Amino acid sequence: MGDLLDWIISFLFLVTLLIIVIYQLTCLADLEFDRRNPYDASTKINRMVLPEFGLQGLLCLYYILTGHWFMAVLSLPHLFYNIRLYMKREHLADVTELYNTNKWEQKKRVYKIGHIALSIFITSYWLIHSALGDI
């Protein structure tokens, strides 16, 4: 039962991360199609960056504490990328450069979505495996 609960919590972490990144991508798409001005878009994106980074760090720590080493190693590149962005002060969207970097910002979010989707797929497999094993 404990392993099943671990995978459920992990799944909820990942779905929350996915929602945050999709929200950021939606803000960038709205900016691209002139539905939102750069100030509003960068404000909404920047408001979600630190919770995303914190949640990714908590997820990696959670995997380590629960002994899911493969998932911890799988989530480390995403965590290290976020730490690198934070250390270089490139984690926030700049209002003045958002139009110029919009395609790159969108591409970064799409790769993050792909990584999170892979993690969700693996977590779903282990969630189902644990649920069927408890029957």
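What the table shows:
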{"quantity": "In the stretch 28-61, residue surrounded by the fewest Cβ atoms within 10 Å (Cβ to Cβ) [restricted to those that are of a type in the set (Val, Ile, Thr) and under 27 Å from Pro77 (Cβ atoms)]", "calculated": "Val49"}
{"quantity": "Condition broken by Lys103, with the remaining ones in (1) surrounded by 12 or more Cβ atoms within 10 Å (Cβ to Cβ); (2) within 24 Å of Cys27 (Cα to Cα) satisfied", "calculated": "(1)"}
{"quantity": "Enumeration of residues in the stretch 21-42 that are in contact (Cβ under 8 Å) with a residue 12 or more places away in the chain and β-branched (Val, Ile, Thr)", "calculated": "Val21, Ile22"}
{"quantity": "Within the stretch 63-94, tally of residues that are open to solvent by less than 40 Å² (accessible area, probe 1.4 Å), out of contact with any His (no Cβ under 6 Å at 6 or more places or on another chain) and within 15 Å of His115 (Cβ to Cβ)", "calculated": "7"}
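The values are calculated or read from the model by the stated rules, or taken from the named source; none is laboratory data. Here the structure is a predicted model, which is why all the values come from computation and not from measurement. When we count neighbours, we look across all protein chains shown, and the Cβ atoms used for this are built from the backbone with ideal geometry, even at glycine. Heads up: the accessible areas ignore ligands, DNA and RNA and are worked out on the full protein's heavy atoms, side chains in. Shrake-Rupley method; radii C 1.70, N 1.55, O 1.52, S 1.80 Å.
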